[in-house]
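Asker: Before we start, here is the structure in question, set down as structure tokens.
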Amino acid sequence: MEFGFNRHWEGGGGTSGAALSLKAPQLPIFWAIRMDIEEHFMWLNVSGDQYLIDDVLVSDINLHWYLGLGVGVACGFWDNPVGSNKTYIGATGRLPVGLSWQPIPLLEIYLQLVPHIGVQIVDEFKFPFGGWGGGLGIRLWF
């Protein structure tokens, strides 16, 4: 479970909400499904990241840092109370960087920042399209 934020470079606002983060032990991809719901707006994002670097920062407390590459696909729906409704669909490349602490083998706590850049293809075409995201989360390892 992750609690995070997403802000656009253009300054046109952003979202905050919760995400479910998953990783299958056999695959090197960290998957996330995120849904942000606010008044008149809903945003759904699916992303997958692969860590290029996952290295020990402080071995005594099992604190790691990581840097990865990933992709994300998102869609948003805006119910404008004074005008027309809009739908947004886009895709981005992601660069997650963060800290990861695993105090016990079952539990991981992480903090990450994720700059992203891509293209918006629906309501209007926009390139480049992107911003900053990030979050604080926990993962349970089974």
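Asker: Cα centroid distance between the range 93-112 and the range 12-75, in Å?
Answerer: 9 Å
Asker: While we're here: By count of other Cβ within 10 Å, fewest leading, how are THR87, THR15 ordered?
Answerer: Going from least to most buried by this count: THR87, THR15.
Asker: Right, something else. Which cross-chain or sequence-distant (5 or more) residues have an amide H under 5 Å from the amide H of GLY134, H modelled 1.01 Å from N in plane?
Answerer: It is PHE5, VAL114, by chain and number.
Asker: Rounded to the nearest 20 Debye, what is the dipole magnitude of the chain about its Cα centre when Lys and Arg each give +1 and Asp and Glu each give -1 at the C-beta?
Answerer: 180 debye
Asker: Only one of the values (i) 2, 9, 18, 24, 18, 12, 8, 5, 3, 1, 0, 0; (ii) 2, 10, 19, 23, 21, 15, 8, 2, 0; (iii) 2, 8, 13, 16, 14, 11, 9, 7, 6, 6, 4, 3, 1, 0 was calculated from this structure for P(r) over Cα pairs in 5 Å bins from 0, in percent; name its label.
Answerer: After the calculation, the listed value that fits is (i).
Asker: Taking the beta-carbon count within 10 Å as an exposure proxy, list SER100, SER16 from fewest neighbours to most.
Answerer: SER16, SER100
Read-outs throughout are calculated quantities, based only on the coordinates presented, and are distinct from any laboratory measurement. Bear in mind that the values here come from a model prediction, so they are computed numbers and not experimental data. So basically every Cβ, Gly included, is an ideal-geometry build from the backbone, and we count neighbours across all protein chains shown.
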